[in-house]
Amino acid sequence: MNKALRRILTILPIAAAVILVAYLVTHRPGPAKKQVEESIRTLRVITVPAVDLIPRAIGYGVAGPGLIWEAVAEVKGTVNFVDPRLKSGQLIEAGTVLVQIDPSEYRLSVARLEAQIEETKAKRAELVEDEKNIGNLIAIESRSLELAQKTLERKVEALARNAISQDEVDREERNFLQQKQQVQQLSNSLALIPAKKKALESSLAMLRSDLEQAENDLAKTKIAAPYDCRLGEVSLDVGQFLPAGQLLFQAHGIEVAEIESRFRIEELRHLLGEEKRKRFLPGMSTGIFAQLFGDIRVFVSLQSGDWSAHWQGRVDRLRESVDSGTREMRVVAAVDDPYEKAIPGLRPPLTAGMFCRVELQAPIRAGSVVIPRSAIHNGSVFVLDRQNLLQARKVVADFVQSEFVVIKSGLLAGETIIVSDPSPAIIGMKVAPVADEELEERLIAVSQGERAE
């Protein structure tokens, strides 16, 4: 075999191998393509309800009496009677005499002044008679004076004719002057009578004033309950001497119970409609407060373990200042006839010291749009469109209450909103909605006034 043939035989296998490798490389199949599917998130949703909203504000406070009577000894003396029921906690009817101070000294004062008044009246009557008598005497003596004057004149004429002596004229003149002096004295006495009358009237008025004071002091020896009440701490015994002004005991009126509870300013504002909110100011007078909150209902409740009691009350007044630390306003609610409304075994009387829950309820606002507080994220809510795609919606809240927010604008009733955490929220992503019926029912119940447990 020549050299050229051997070279050909050597190159052929190599060329065949190169051609085979090139074929395999160019005809090798590419990587399998994986089908990309759209991601779907499963989220809880509710249908936004339109409810008959009852705006509420809840506060807490300690019940106290609407009236507190402090029994004080207004006169001094020794206690000679104490009602057996004068004990702490006893219920006392209005008008019940509880304590009697010895009235002997005050009765003597009354009797003495009554006698002085009668004596002064007698003097006044005597003076009236004296006035009449002096008047009559003046008339008589004036007539005698006239006669004496005429007699004197006749004797003066007779003296001029030398019919009588000068001594006889002098005697007649002396008689005339004496008669004139007597008339003058009677006139002076009559002129003094009006002043004497005025002095007696002044004395009589003063004595009557003293008698009234003495009678008042006598009446004050009896200490009686001014209204139906419940006694506080009592420490008093028969024989005890009481100085005037000493505090004896306290009693709480049972006609009205009061609870002073605190509310944030915004809580009270959201109870009012938009027009009334403009007039709501922290420093407003009690009169304006009564006008704004006149239609607010009040419910007072007491909770102790698994037992509870409830009373319906009313807004009575607003306290004079805002708490400087908490910026809260203090509202006083009143419950009328708390003892008469007691039901044995079911509802006790609302007595002082009970820690109560006070709920203020505004009139119903029909068609209000409410959503859970947790559904709002930085002023927006996530809603689903008709294709169940996630969208973000800006909303404006009217106010926040309890577990929900009342929406003013940006969301309509009937729309579907996300109530679970959508993070990471991708606008336009597909959502598999799961209706949270329990949350929706709870939202409706709470917004319509049922208390969340």
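Rounded, prolate or oblate: which fits region 194-316, taking a ≥ b ≥ c as square roots of the Cα gyration tensor eigenvalues, rounded meaning a/c under 1.5, else prolate when a/b beats b/c?
The shape class here is oblate.
Modelled label-to-label distance, Arg297 and Ala158, 7 Å Cα→beta-carbon offset: nm?
Distance between the two pseudo-spin positions: 11.7 nm.
Can you give the accessible area of Tyr339, probe radius 1.4 Å, in Å² rounded to 10?
Accessible area of Tyr339: about 50 Å².
Which aspartates and glutamates have a Cα less than 15 Å from the Cα of Lys132, not counting those fewer than 8 places away in the same chain?
Filter leaves Glu141.
Using a Förster distance of 45 Å, how high is the FRET efficiency between Gln213 and Glu320, based on the Cβ-Cβ distance and rounded to 0.05?
Given R0 = 45 Å and the Cβ-Cβ separation, E is 0.75.
Could you state the number of Å between the C-alpha centres of region 362-440 and region 53-76?
Result: 43 Å between the Cα centres.
Might you report the magnitude of the Cβ-based charge dipole of the chain about its Cα centre, with Lys and Arg at +1 and Asp and Glu at -1, to the nearest 20 debye?
About 3780 debye.
In terms of Cα to Cα distance under 14 Å, which aspartates and glutamates are near enough to Lys341, apart from those fewer than 8 places away along the same chain?
Glu255
How far, in nm, would the chain grow between Ser409 and Lys180 when pulled straight, counting 0.36 nm per residue and subtracting the alpha carbon separation?
Residue separation times 0.36 nm, minus the Cα-Cα distance, leaves 71.3 nm.
Under 26 Å Cα to Cα from Lys155, which lysines show up? Leave out anything in the same chain fewer than 8 places away.
Straight-line reach from Lys155, under 26 Å: Lys180.
Considering the dipole of the chain built from charges on the beta carbon (Lys and Arg +1, Asp and Glu -1) around the Cα centre, which of Thr286, Trp69, Ser203 is farthest to its positive end?
Thr286
Which pairs in the list Lys123/Lys220; Lys87/Lys222; Lys87/Lys220; Lys76/Lys123; Lys76/Lys196; Lys276/Lys394 are over 29 Å apart, alpha-carbon to alpha-carbon?
Violating the 29 Å Cα-Cα cut-off are Lys123/Lys220; Lys76/Lys123; Lys76/Lys196.
Among Val238, Gly313, Leu192, flag the residue with its Cα farthest along the positive direction of the charge dipole of the chain, charges on Cβ as +1 for Lys/Arg and -1 for Asp/Glu.
Towards the positive end, the residue furthest out is Gly313.
The values are calculated or read from the model by the stated rules, or taken from the named source; none is laboratory data. Since the model is a prediction, treat every value here as computed from it, not as a measurement. All Cβ positions, even for glycine, are placed from backbone atoms using ideal geometry, and neighbour counts span all protein chains on display. To get the accessible areas, we keep the full protein, side chains included, count just its heavy atoms, and leave off ligands, DNA and RNA. Shrake-Rupley method; radii C 1.70, N 1.55, O 1.52, S 1.80 Å.
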